[in-house]
């Protein structure tokens with residue numbers, strides 16, 4: 001889940017379960033193929049408008065409308081929310097489609113059809129956690145089969161990076177965390193090596209595993225000054241350090257400029273993937289069996305139990321992903 005906008009009251013958007021409905025016509029729907037019949041869909045948390053400068057250039061993960069309206073104001077792209085309090089009709093502002101609700105409105109540009117072969121509830125993670133991981137490793141990192149990958153921090157989104165790296169044919173997948181429980185879980189998701197950074201130096205351990213060079217691709221999923229530095233130091237000469245963790249306000253990361261220049265280290269920021277191009281590919285990847293959706297979900301809870309699940313998440317009691325089953 002990404003931080004909600006500063007528009008109280010507001011509704012966050014966890015990984016959103018697919019909906020059995022047809023998208024509406026008008027500004028929320030632009031694809032006639034999605035409107036032809038009632039189907040199951042999965043929605044991407046970055047909902048591109050399709051018309052702005054970046055969407056036209058194929059960089060819809062930078063969609064101006066999404067960040068200006070949805071992220072900043074909690075609305076869709078006409079400046080209006082689609083959610084209201086049942087008791088008094090007051091507007092509820094939303095982050096992304098505001099998926100923590102019985103119903104939500106999603107632009108058709110952000111939807112992909114969910115095939116019957118994929119598990120309904122577990123597929124909710126495709127549009128956020130897996131979407132973020134896919135966006136980090138391809139296209140920005142341009143990961144290739146045989147590459148070595150390190151993931152610093154292996155919570156919910158980060159664990160999907162392990163699965164995607166394995167699915168893309170990584171030769172080594174190194175998981176770094178400070179909790180043994182998370183590292184043990186990482187080995188079931190594709191990690192070939194684990195490093196407990198509470199006991200060992202993360203950078204030195206990664207270099208030792210990779211014969212002193214460092215990895216081809218490192219991912220910082222925590223957004224802390226320390227992990228930013230570890231990520232940048234962990235890559236080989238010419239390697240790529242991809243930052244996907246969001247930091248608190250005014251957190252700054254340090255980097256060795258001379259090494260960055262001389263050894264051609266690339267530091268890349270990645271917020272997510274491209275809904276129209278990448279989300280269908282993510283669905284196909286899941287359908288192919290490249291990674292197991294069901295073993296990534298550690299808890300399922302009812303709608304009325306959502307607050308308790310968020311409390312447990314805040315206290316580090318959830319390993320992997322939790323799913324809130326909205327209906328039934």
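The values are calculated or read from the model by the stated rules, or taken from the named source; none is laboratory data. These numbers were taken from a predicted model, which means no experiment stands behind them. All Cβ positions, even for glycine, are placed from backbone atoms using ideal geometry, and neighbour counts span all protein chains on display.
Worth pointing out:
- Filtered residue count, the range 299-321, keeping only those that are touching a residue at least 40 places away in the same chain (Cβ under 8 Å), in contact with a strand residue (DSSP E or B) (Cβ under 8 Å, 6 or more places away or on another chain) and under 17 Å from residue 186 (Cα atoms): 4
- Members of the range 122-152 found to be part of a loop (DSSP other than H, G, I, E, B) and at pLDDT below 95, listed by number: 128, 138, 139, 140, 141, 142
- Residue within the range 76-94 that is under 19 Å from residue 270 (Cα atoms) and not in a loop (DSSP other than H, G, I, E, B) present: no
- Some residue of the range 192-213 being buried (at least 19 other Cβ atoms within 10 Å of the Cβ), under 28 Å from residue 131 (Cβ atoms) and out of contact with any strand residue (DSSP E or B) (no Cβ under 6 Å at 6 or more places or on another chain): no
- Considering 101, 175, the condition of being more than 30 Å from residue 327 (Cβ to Cβ) and in contact with a strand residue (DSSP E or B) (Cβ under 9 Å, 6 or more places away or on another chain) is satisfied by 175 alone.
- Pairs where the first residue, in the range 199-215, is under 12 Å from residue 152 (Cα atoms) and not assigned by TED's automatic domain parsing to the domain that holds residue 154 and the second is surrounded by 13 or more Cβ atoms within 10 Å (Cβ to Cβ) and at pLDDT 95 or above, C-beta under 7 Å, 6+ apart: none
- Test for residue 67: is it surrounded by 21 or more Cβ atoms within 10 Å (Cβ to Cβ) and part of a helix (DSSP H, G or I): no
Here is a yes/no grid of residues against (1) in contact with a helix residue (DSSP H, G or I) (Cβ under 9 Å, 6 or more places away or on another chain); (2) under 18 Å from residue 145 (Cβ atoms); (3) at pLDDT 95 or above; (4) not in a strand (DSSP E or B):
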site	(1), (2), (3), (4)
163	yes, yes, no, yes
169	no, yes, yes, yes
176	yes, no, yes, no
181	no, no, no, yes
190	yes, yes, no, yes
199	no, no, yes, yes
203	yes, no, yes, yes
206	yes, no, yes, yes
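- The set of residues in the range 236-270 being closer than 20 Å to residue 160 by Cα and surrounded by 13 or more Cβ atoms within 10 Å (Cβ to Cβ) consists of 240, 241, 242, 243, 244, 245, 247, 268, 270.
- Test: residue 294 is surrounded by fewer than 17 Cβ atoms within 10 Å (Cβ to Cβ), under 22 Å from residue 116 (Cα atoms) and at pLDDT below 90: yes
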